[in-house]
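Contents: one structure, followed by commentary.
The values are calculated or read from the model by the stated rules, or taken from the named source; none is laboratory data. The structure presented is a predicted model; accordingly, all values stated were derived computationally and were not measured. When we count neighbours, we look across all protein chains shown, and the Cβ atoms used for this are built from the backbone with ideal geometry, even at glycine. Protein only, heavy atoms only, side chains kept; ligands, DNA and RNA dropped before computing areas. Shrake-Rupley method; radii C 1.70, N 1.55, O 1.52, S 1.80 Å.
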Amino acid sequence: MNSSSFLGITTFLYLFTMALYFAYIFYRSKKFGLIIRGFTIVGLLVHTIGLGLRWYESYQLGYGHIPLSNMYEALVSMAWCIVLVLILMEQKFKTETMGAFVFPIVSIAMAYASLAPSVQDEIEPLIPALQSNWLTYHVMTCFLGYAAFAVSFGASIAFLLKKKDAPPSTEEDAVTLPALDLLDEIVYKGNAVGFLLLGIGIITGAVWANYAWGSYWSWDPKETWSLITWLIYAAFLHARLTRGWRGSKTAILSIIGFCGVLFTFLGVNYVLSGLHSYA
Amino acid sequence: MKKSFTSSVWSFFISLKLTIFILIIISIASIIGTIIPQKELPYVYLRAFKPSTYELMRLLSFDNMYESWWFMALLTLFTLNLICCTINRFPSFWRFITQKEKDLDDQLIKTLPLKKTLRLKAFDERTRNLITRSVQKYVHKPTALKSTPESFSLFAESGKYTRASFYVTHLGIVLIIIGGLLGNLGYQGYMQVVEGRTNDTIRLRGSTQEKKLDFSIRCDDFQVTFYEGSQRPKDFTSQLTIIDGGKEVKEKLIEVNDPLQYKGVFIYQSSYGTAPGDGQVLLEVTPKTGTQQAKRYRIGVGERLPLEDEGYELAVKRFVPDFSMGQNNEVINRSQEMRNPAAQITLIKDGNPVEEKWVFANFPDFHGGQKGPYTFKFLNFAGREYTGLQLTKDPGVWVVWAGCFFLCLGCYLICFASHQRLWLKVDPKKDEYLLTLAGTSSKNMLSFTKTFDRICLELKQIAKA
């Protein structure tokens with residue numbers, strides 16, 4: 001078995017988990033929640049083995065680099081980060097229901113990585129500019145930040161749907177979708193963590209660029225768009241912390257922010273060109 | 001009453017609307033900058049835009065937007081706005097920090113989100129200590145506001161100074177912008193150094209201007225390695241020596257991701273290539289008569305070499321990678337690419353030139369004006385490798401890093417640290433005592449509520465005992 005087969009299994013596991021999450025909205029029970037958690041963790045384990053094997057295979061090919069260097073690897077690692085952050089958030093907030101809104105993103109990322117003809121899944125050597133430990137620090141902080149934004153996005157959608165569907169009721173609903181206050185808190189926490197991580201990601205990128213190219217900021221499209229995304233989330237935090245916005249308003253800001261994330265992560269690569277054109 | 005000029009300027013600079021307006025303008029400008037290519041040569045724009053549009057774009061610096069006066073002005077305005085807002089908020093912040101906490105009275109308790117009342121059967125020194133200790137376990141060392149045998153009140157808080165975290169964040173942003181503006185005092189440029197040669201002039205980025213450095217750089221060796229079985233470069237390195245005032249002062253093997261620093265200038269490995277017009281020409285020389293075999297000679301441009309026949313020498317006078325003829329039949333070089341490599345060679349006998357001609361790599365059988373005793377074939381040209389270096393001097397970079405540090409610290413404090421306050425009082429009521437606990441947190445109420453509940457639970461046990 002090579003890394004591709006493990007990652008293939010991961011994709012199917014995730015699609016199945018997504019279906020379970022959907023079912024969970026209608027057939028709620030504590031036991032079912034635990035089963036879903038189990039599948040999510042097994043999926044993440046297989047995913048981790050797949051990524052680890054791919055890393056190992058790159059050494060066998062004589063390249064030896066962390067799987068973060070092209071679109072395929074970026075998508076698969078991104079999905080990994082989202083599932084990891086989702087599990088951590090579910091653990092912290094003791095709820096299983098944002099998954100139904102986060103897993104579609106994960107499944108689309110995995111399926112797109114393996115099916116889209118424009119995404120090459122060969123292991124390629126690294127160009128000299130990328131041969132640095134900063135690659136790991138920079139990309140991982142950015143990806144974990146994006147993942148936190150993705151979980152917040154899922155919670156924002158859940159919040160808006162719940163608010164629209166059910167007028168505030170109590171205990172009974174708490175099993176299907178987390179209570180509104182809890183969702184609001186998850187939206188805020190995820191975005192706060194993402195904001196900090198994306199900030200650190202931009203800064204580690206600046207430090208690295210200064211070391212590799214001699215300029216910490218060159219208004220490259222990806223840099224510029226990540227800054228714009230960061231500013232949208234800065235607006236989110238200001239609205240919530242200084243203006244006291246809560247609920248639907250901040251949920252909508254959070255969704256706008258995630259559109260920025262998607263454009264920074266994918267759009268820039270397909271629409272614009274620049275220093276980051278390799279991933 | 002009419003507002004004075006200074007106060008209206010002040011209220012302009014402290015308005016949040018101005019902040020939002022500037023941020024939106026900066027965002028739109030940045031987006032335009034990612035769509036229109038920046039710092040390109042005119043022909044790139046003229047391919048996409050009409051000349052009149054291009055003129056207008058140049059007038060508004062749309063081709064170099066991020067360094068334009070108006071972008072700098074926007075950043076400066078944003079910085080001023082941020083500084084003014086921060087100053088404006090300072091007095092109320094300072095009052096808050098320095099104020100003494102009031103006793104928990106009825107008015108205060110109304111404003112607090114968390115409150116709980118318990119009944120105590122008895123109240124003595126021991127209960128007082130137990131209560132103080134259980135509060136201390138979760139919040140911070142409490143200060144007793146009032147303590148008499150009959151009544152008791154205390155206040156505890158933690159993370160008071162995290163209220164300053166937005167100052168830390170804004171300081172970080174201001175420092176980053178100041179550092180960025182300081183960076184304009186530096187420069188960024190590019191130079192090529194042929195192996196074994198020395199260079200001291202850079203071409204400034206985004207212009208055709210040149211700048212002479214106050215030191216020079218010699219490239220002693222350049223190496224490039226490739227991934228096995230492919231043309232992808234794995235690594236390239238240059239052994240550089242800095243020469244300042246005629247003396248060799250510093251040397252280093254630089255590679256991508258590992259620059260050399262001298263006098264505040266960073267020297268980066270940026271690219272490489274072969275330098276045409278500075279290398280060796282491989283020639284095949286065949287005598288026209290006799291039985292002698294063809295011989296091959298490798299001659300550097302500008303050098304001469306004796307042939308095996310007595311008395312003859314061969315010199316390579318000039319090499320051009322892309323040979324062409326000008327209007328007056330003069331030789332011109334059209335580009336730096338090896339499209340039509342040609343060498344001008346001279347045959348010399350006993351010190352006197354006897355034949356001078358051009359030979360072409362793409363047309364080996366071209367023998368225009370052949371009169372000497374040999375035919376010449378231009379087989380190959382091996383140019384010398386040059387290393388492409390990028391040089392950067394940025395006096396603001398450390399200010400930017402300091403700003404980044406404060407920005408991260410501030411964001412961390414804003415998102416994850418909170419100012420938690422807790423009041424507690426015990427008052428006699430009829431034959432028992434009433435214990436009131438109330439608290440609030442500047443952020444993260446959810447987790448503070450848990451702490452509050454835990455304290456309540458402990459106090460309940462104390463009350464029972």
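So here's what we get for this one:
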{"quantity": "Answer from A:33, A:64, A:50 - the residue that is buried (at least 17 other Cβ atoms within 10 Å of the Cβ) and either within 14 Å of chain B (Cβ to nearest Cβ) or closer than 20 Å to residue A:139 by Cβ (or both)", "calculated": "A:50"}
{"quantity": "Residue within the range B:330-341 that is farther than 30 Å from residue B:186 by Cβ, in a strand (DSSP E or B) and in contact (Cβ under 8 Å) with a residue 60 or more places away in the chain present", "calculated": "no"}
{"quantity": "Filter result for the condition that a residue is of a type in the set (A, V, I, L, M, F, W, C), closer than 26 Å to residue A:134 by Cα and in contact with a helix residue (DSSP H, G or I) (Cβ under 6 Å, 6 or more places away or on another chain), over A:9, A:66", "calculated": "A:66"}
{"quantity": "Residue count, the range B:421-458 (criterion: open to solvent by less than 30 Å² (accessible area, probe 1.4 Å) and at pLDDT 85 or above)", "calculated": "16"}
{"quantity": "Conditions (1) in contact with a Phe, Trp or Tyr (Cβ under 8 Å, 6 or more places away or on another chain); (2) surrounded by 16 or more Cβ atoms within 10 Å (Cβ to Cβ); (3) of a type outside the set (Phe, Trp, Tyr); number of the one not met by residue B:189", "calculated": "(1)"}
{"quantity": "Looking only at the range A:87-126, and only at residues there that are in a helix (DSSP H, G or I) and within 14 Å of chain B (Cβ to nearest Cβ), the one that is most open to solvent (accessible area, probe 1.4 Å)", "calculated": "A:92"}
{"quantity": "So residue B:267, is it among the β-branched types (Val, Ile, Thr), touching a Lys or Arg at 6+ places or on another chain (Cβ under 9 Å) and crowded, with 16+ Cβ neighbours inside 10 Å", "calculated": "yes"}
{"quantity": "Test: residue in the range B:306-326 that is farther than 16 Å from residue B:381 by Cβ, within 48 Å of the chain's Cα centre (by Cα) and surrounded by fewer than 13 Cβ atoms within 10 Å (Cβ to Cβ)", "calculated": "yes"}
{"quantity": "Every residue from the range B:33-59 that is surrounded by 12 or more Cβ atoms within 10 Å (Cβ to Cβ) and within 14 Å of chain A (Cβ to nearest Cβ)", "calculated": "B:33, B:34, B:36, B:37, B:38, B:39, B:40, B:44"}
{"quantity": "Test: residue B:297 is within 14 Å of chain A (Cβ to nearest Cβ) and either open to solvent by less than 70 Å² (accessible area, probe 1.4 Å) or farther than 19 Å from residue B:383 by Cα (or both)", "calculated": "no"}
{"quantity": "All positions within the range B:130-143 that are over 19 Å from residue B:418 (Cα atoms) and open to solvent by less than 70 Å² (accessible area, probe 1.4 Å)", "calculated": "B:130, B:131, B:132, B:134"}
{"quantity": "Scan of the range B:81-126 for residues that are open to solvent by 80 Å² or more (accessible area, probe 1.4 Å) and aliphatic (A, V, I, L, M), ordered by number", "calculated": "B:87"}
{"quantity": "Residue in the range B:192-202 that is within 14 Å of another protein chain (Cβ to nearest Cβ) and over 30 Å from residue B:98 (Cα atoms) present", "calculated": "yes"}
{"quantity": "Any helices (runs of 4 or more DSSP H) falling wholly within the range A:196-279 and containing at least 2 residues that are at the interface with chain B (Cβ under 8 Å from one of its Cβ atoms) and either more than 22 Å from residue B:407 (Cβ to Cβ) or open to solvent by 20 Å² or more (accessible area, probe 1.4 Å) (or both)", "calculated": "A:221-241"}
{"quantity": "Test: residue in the range B:230-239 that is farther than 30 Å from residue B:393 by Cα, within 14 Å of chain A (Cβ to nearest Cβ), among the small types (Gly, Ala, Ser) and open to solvent by 70 Å² or more (accessible area, probe 1.4 Å)", "calculated": "no"}
{"quantity": "Flag for residue B:244 being at pLDDT 85 or above, surrounded by 14 or more Cβ atoms within 10 Å (Cβ to Cβ), more than 14 Å from chain A (Cβ to nearest Cβ) and under 30 Å from residue A:208 (Cβ atoms)", "calculated": "yes"}
{"quantity": "Count of residues meeting criterion [of a type in the set (Gly, Ala, Ser) and surrounded by 14 or more Cβ atoms within 10 Å (Cβ to Cβ)] in the range B:274-294", "calculated": "3"}
{"quantity": "Count - residues of the range A:57-80 that are assigned to a helix (DSSP H, G or I), of a type outside the set (A, V, I, L, M, F, W, C) and touching a residue at least 40 places away in the same chain (Cβ under 8 Å)", "calculated": "5"}
{"quantity": "Those residues of the range A:179-195 which are under 16 Å from the mean Cα position of the chain (by Cα), facing chain B (nearest Cβ under 8 Å) and open to solvent by 10 Å² or more (accessible area, probe 1.4 Å), in sequence order", "calculated": "A:193, A:195"}
{"quantity": "Considering residues of the range A:127-145 that are touching a helix residue (DSSP H, G or I) at 6+ places or on another chain (Cβ under 8 Å) and facing another protein chain (nearest Cβ under 9 Å) only, the residue modelled with the lowest pLDDT", "calculated": "A:129"}
{"quantity": "Unique residue being crowded, with 18+ Cβ neighbours inside 10 Å, of a type in the set (A, V, I, L, M, F, W, C) and under 30 Å from residue B:90 (Cα atoms) when the list is B:154, B:182", "calculated": "B:154"}
{"quantity": "Test: residue in the range B:185-194 that is of a type in the set (Ser, Thr, Tyr) and touching a Gly at 6+ places or on another chain (Cβ under 9 Å)", "calculated": "yes"}
{"quantity": "Segments classed as strands (runs of 3 or more DSSP E), wholly inside the range B:357-465, with at least 3 members that are within 12 Å of chain A (Cβ to nearest Cβ)", "calculated": "B:374-393"}
{"quantity": "Where residue B:308 falls short, out of the listed (1) free of Cβ contacts under 8 Å to residues at least 40 places away in the same chain; (2) within 14 Å of chain A (Cβ to nearest Cβ); (3) not hydrophobic (A, V, I, L, M, F, W, C)", "calculated": "(2)"}
{"quantity": "Residues (open to solvent by 90 Å² or more (accessible area, probe 1.4 Å), within 30 Å of residue B:63 (Cβ to Cβ) and at pLDDT 85 or above) located in the range B:193-227", "calculated": "B:203, B:210, B:212"}
